[in-house]
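Read the structure below first, then the notes.
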Amino acid sequence: MTKLPEAEALLPKLAAQLKARVTPATAMIGLHTGGAWLAERLHPLLGLKEPLGFMDIAFYRDDYAKEGLKHDPKRTRIPFEVEGRDLLLVDDVLYTGRTVRAAMNELFDYGRPRSISLVVLVDRGGRQLPIAAQYCGAQLEVPAGMRLRLKRAADGKLSLELERAG
């Protein structure tokens, strides 16, 4: 059985990595759902001036129709100007890279950021696209046929769980 890291213990490590990166031009966007939860925790730790943004990238995924994903455009909320901004794009688990590709496609609909850095809690490998996280809490090998999920308890505590891919 794969030993999972404690999600809560990874947060301070990620925040420490990011602190040196923060400038007045830095803003953060969390990807629904797990990335949004992670961004909600990291944003105040970094003292960012811009409000936190959120994105629902389901419609931008290349497997949108195949997966039967549900897109709710009201869940995308970017309350700052993207143009010329240094963006921290936050997701929970980096796997194939398709979610990140979709997020970048959507971001450019809002403007051209100066830079985009990917922040993930866990990189589980298995990339299908040439995408890498600049900031990562942990790297983990996940057994074939399993999915790594970030869960949030009622009290806001984050945890990682393995489940059968379906």
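All of the numbers you see were taken from the coordinates with simple rules; none came from a lab. Model, not experiment: these values are computed from the prediction. Positions of Cβ are backbone-derived with ideal geometry, glycine not excepted, and every protein chain shown enters the neighbour counts.
How many angstrom separate the Cα center of the stretch 76-115 from the Cα center of the stretch 38-52? When both Cα centres are located, 15 Å separates them.
Residues considered: Leu107, Leu150, Leu46. Largest GNM mean-square fluctuation over the chain, using C-alpha springs under 10 Å, is found at Leu46. When the chain is modelled as a GNM with alpha-carbon springs shorter than 10 Å, which of Pro44, Pro24, Pro79 fluctuates the most? With Cα springs under 10 Å in the chain, the top fluctuation among Pro44, Pro24, Pro79 is at Pro24. Distance between the pseudo-spin-label points of Leu4 and Glu83 (7 Å out from Cα toward the beta carbon): 4.3 nm. The helix-based estimate of mean residue ellipticity at 222 nm for the chain, built from -39,500 (n - 2.57) per DSSP H run of four or more residues and divided by its residue count, is -8000 deg cm²/dmol to the nearest 500.
Which distance in nm do the two modelled labels at Ala16 and Asn105 give, with both placed 7 Å along the Cα-to-Cβ direction? With each label point 7 Å from Cα toward Cβ, the separation is 3.8 nm.
Counting Lys and Arg as +1 and Asp and Glu as -1 over every other residue whose Cβ lies under 15 Å from the Cβ of Ser115, the net charge comes to 0. For a paramagnetic label modelled on Arg164 (point 7 Å from Cα along Cα→Cβ), amide N atoms under 16 Å away belong, within the stretch 111-143, to 143.
If we count every other residue with Cβ under 9 angstrom of Ile131's Cβ, Lys/Arg +1 and Asp/Glu -1, where does the sum land? Summing Lys and Arg as +1 and Asp and Glu as -1 gives +3. Using a Gaussian network model of the chain in which every pair of alpha carbons under 10 angstrom is joined by a spring, one finds that among Gly84, Gly125, Gly35 the greatest mean-square fluctuation is at Gly84.
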